[in-house]
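Scroll down for the structure; my scribbles are underneath it.
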Amino acid sequence: MKISLPFKTFPGIIVMFLIAFLARGGSDLGLPWWPGLESYFAFSPGAKKIFLDIFHLNHILIAIILGMLAGNIFGLPRWAEPGIQTSRLFIKVGVILLGSLYSVMDLVTLGSTAVIIVVGFITLTLLFTLWLGKKVGMDPPGAATLAAGTAICGVSAVVAAAPAVRAKSADVIHSIATILLFGMASLFIFPFVGKLVALSSHQFGVWAGTGIMNSAQVLAACLIFDPGTAVHPSQSLKTGEIYNLTRVIFLPFAVLFLAIYASRYSLEVDELNVNHGLWSRFPIFVLGFLAVVLLTSFGFLGSTLPPSRELTIIRHLFSWFFAMGLAGQGMQISFAQLRQAGGKPLLVGTAAALFKALLALIVVILFIPRES
Amino acid sequence: MAPEKDRRTRGEETQIFPTERLEDYLALSLAALILIIILLFF
């Protein structure tokens, strides 16, 4: 008996849902008895130290790792295959809804110095990573995914850019691994160098908010440099978060730029398209993402601060879509395939990260006053 | 006759949709539907 395609996808979608449920817990679904592995780790001091404080694992990364483990240990059963192949669709819907996090109106409230510095660094890092990726022979989607991660805000930028540039699962995993490795190293190196060159707390915040790639690690490095007190809160954290927020707000523009870049260099053209121009290869779901950014910016989805009920539901939903989609992507990647890609993403990512960190340090020493 | 494989080779990333554009349209439609439902009912 022939089963229609939507029904065939159900088993695989349920597998992805179960992995996402294991990673992020069921409190959103009215199932508080399972808080999710992330919260589970937080309860145990040893696990918290290793998984949360050092590796900064969150439910998204846990979903990818669980997917990879399940796929590599148990294999991918035929009955689950059609559903797991929809994983990229889940990520795309998640990226469109992710637009609800960004409001162009937020740009108005940020200082002009932060905007100028951040835009300059995003542009330079994007161009440098794409250039270096091309030099060492990375394929354009892989280089573009890594460029998003190094230039904007790490893991979430990689997740948002990956479908827009048609990256493979291996590109996503490599980019995330590179960013996390650099992020871990920067937790030790940034505060050490900051003390060595005698940066003020404000200057360190600018440097960390510009130079460190992952949001969680910006926060941690700033607190290591200047823990602050209840009376005098950490100045480096305050400044670092402003710069980090500014960088995050520019994600939609970077995704649009990278989508156009990858479309120009894309070798694969959809067979059904007669027109082989840029538009035929442009990932049009990115327009949905930009439309949701505009809807959020002009208040159609309610207030952003504090987030309205509509925005809160949308944000929970995209988090679920990402966890499910990335669990499915993790299931489709083999450890052997990861090894085959070699060290190119690590080399390019590390070079781009060092380039950005050094240049940011020079700019901070030369142009940023010691006090805000 | 060779037995049917019940597991595929690891590392092959295949897609269920015939074209990438179709997947994009489906993603846009699903997102629009979600937004409409949230705006209407919540």
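Could you tell me the extents of segment A:70-161's C-alpha atoms along the three principal axes, largest first, rounded to whole Å?
55, 36, 19
How large is the Kirkwood hydrodynamic radius of segment A:111-244, counting all unique pairs of alpha carbons, in Å? Don't skip to the answer; put the middle values down first.
Working: mean 1/r = 0.0655 Å⁻¹.
Kirkwood radius, segment A:111-244: 15.3 Å.
Which is the longest stretch in chain A that no exposed loop site breaks, taking sites as GluC sites (Glu not before Pro) with a DSSP loop state and at most 13 other Cβ atoms within 10 Å?
On the way: sites that count: A:Glu268, A:Glu271, A:Glu371.
Result, exposed sites excluded: A:1-267.
Calculated from DSSP H runs of 4 or more alone, at -39500 (n - 2.57) each and per residue, what is the 222 nm mean residue ellipticity of the protein assembly as shown, nearest 500?
Computed ellipticity for the protein assembly as shown at 222 nm equals -22000 deg cm²/dmol.
Within 10 Å of each Cβ in A:73-85, how many Cβ atoms from other chains are there, averaged over the peptide?
That works out to 3 on average.
Quick test of the membrane-span-like rule: which DSSP H helices of chain A reach at least 27 Å along their long axis (C-alpha atoms) with mean Kyte hydropathy at least 1.0? Don't jump to the answer; show the numbers that get you there.
Details: long enough: A:5-24 (28 Å, 1.65); A:112-135 (34 Å, 1.64); A:169-196 (39 Å, 1.57); A:309-331 (33 Å, 0.58); A:344-367 (34 Å, 2.18).
Those that pass (Cα extent of 27 Å or more, hydropathy at least 1.0) are A:5-24, A:112-135, A:169-196, A:344-367.
How many Cβ atoms of partner chains, on average, are near each residue of A:86-92 if near means within 10 Å of its Cβ?
Numbers: counts 5, 3, 7, 9, 2, 1, 8.
Neighbouring Cβ atoms belonging to other protein chains average 5 per residue here.
Taking only the alpha-carbon positions of segment A:164-212 and ignoring solvent, what does the Debye formula give for the base-10 log of I(q)/I(0) at q = 0.13, 0.14, 0.23, 0.31 Å⁻¹?
Computed log10 I(q)/I(0) values: -0.43, -0.48, -0.80, -1.10.
Kindly flag which residue pairs out of A:Lys135/A:Lys356; A:Lys135/A:Lys168; A:Lys49/A:Lys168 have an alpha-carbon separation exceeding 22 Å in this structure.
Numbers: A:Lys135/A:Lys356 18 Å; A:Lys135/A:Lys168 20 Å; A:Lys49/A:Lys168 32 Å.
Result: A:Lys49/A:Lys168 exceed 22 Å.
For segment A:41-87, max minus min Cα coordinate along each principal axis, in Å, sorted largest first?
Sorted from largest, the Cα extents of segment A:41-87 read 40, 19, 15 Å.
Work out, in µm²/s and without decimals, the Stokes-Einstein translational diffusion coefficient of segment A:21-110 at 37 °C, 0.692 mPa s, Rh from Kirkwood over C-alpha pairs.
On the way: Rh = 15.8 Å.
Value of D from the Cα-based Kirkwood radius: 207 µm²/s.
Stokes-Einstein D for chain A at 20 °C, 1.002 mPa s, Kirkwood Rh over Cα pairs, in µm²/s? Present the calculation step by step, with values, prior to reporting the outcome.
Details: Rh = 21.4 Å.
After rounding, the answer is 100 µm²/s.
What does the structure give for A:114-121 when I average, per residue, the other chain Cβ atoms found within 10 Å of the residue Cβ? Intermediate results must be reported in sequence, preceding the final value.
On the way: counts 0, 0, 0, 0, 0, 0, 0, 0.
Counting Cβ atoms of other protein chains within 10 Å of each residue's Cβ and averaging gives 0.
From the P(r) of segment A:183-238, could you give the percentage of C-alpha pairs in the tail past 16 Å? Present the calculation step by step, with values, prior to reporting the outcome.
Numbers: 449 of 1540 pairs.
Of all Cα-Cα distances in segment A:183-238, 29 percent exceed 16 Å.
Give the relative contact order (percent, whole number) for segment A:56-173; include only Cα pairs under 8 Å separated by 6+ residues. Walk me through the numbers on the way to the answer.
Numbers: 66 pairs, mean separation 22.6, N = 118.
Worked out over segment A:56-173, it gives 19 percent.
Short version: what are the Cα gyration tensor semi-axes of segment A:1-153, square root of 5 times each eigenvalue, largest first, in whole Å? Please report the intermediate quantities before stating the final value.
On the way: eigenvalues 223, 111, 68 Å².
Calculated on Cα positions only, the semi-axes equal 33, 24, 18 Å.
Chain A: longest stretch without exposed trypsin sites (Lys or Arg not before Pro) (DSSP loop, at most 10 other Cβ within 10 Å), sites themselves excluded? All intermediate terms of the calculation are to be shown ahead of the outcome.
On the way: sites that count: A:Lys2, A:Arg370.
The longest uninterrupted stretch comes out as A:3-369.
Given C-alpha coordinates of segment A:291-366, what is the ratio Rg to Rh with the Kirkwood estimate of Rh?
On the way: Rg = 20.0 Å, Rh = 16.8 Å.
That ratio equals 1.19.
Quote the FRET efficiency, to the nearest 0.05, computed for A:Leu287 versus A:Thr229 with a Förster distance R0 of 41 Å and r equal to the Cβ-Cβ distance.
Details: r = 47 Å, r/R0 = 1.16.
The computed FRET efficiency comes out at 0.30.
Sort the following peptides by mean Cβ neighbour count (other Cβ atoms within 10 Å, averaged over residues), highest first: A:295-308, A:205-218. Spell out each step's value before the answer.
Details: A:295-308: 15.1, A:205-218: 27.4.
Result, highest mean first: A:205-218, A:295-308.
Bear in mind these aren't lab numbers, they're just calculated from the coordinates by the rules spelled out. Everything numeric in this text was worked out from a predicted model, so none of it was measured. So basically every Cβ, Gly included, is an ideal-geometry build from the backbone, and we count neighbours across all protein chains shown.
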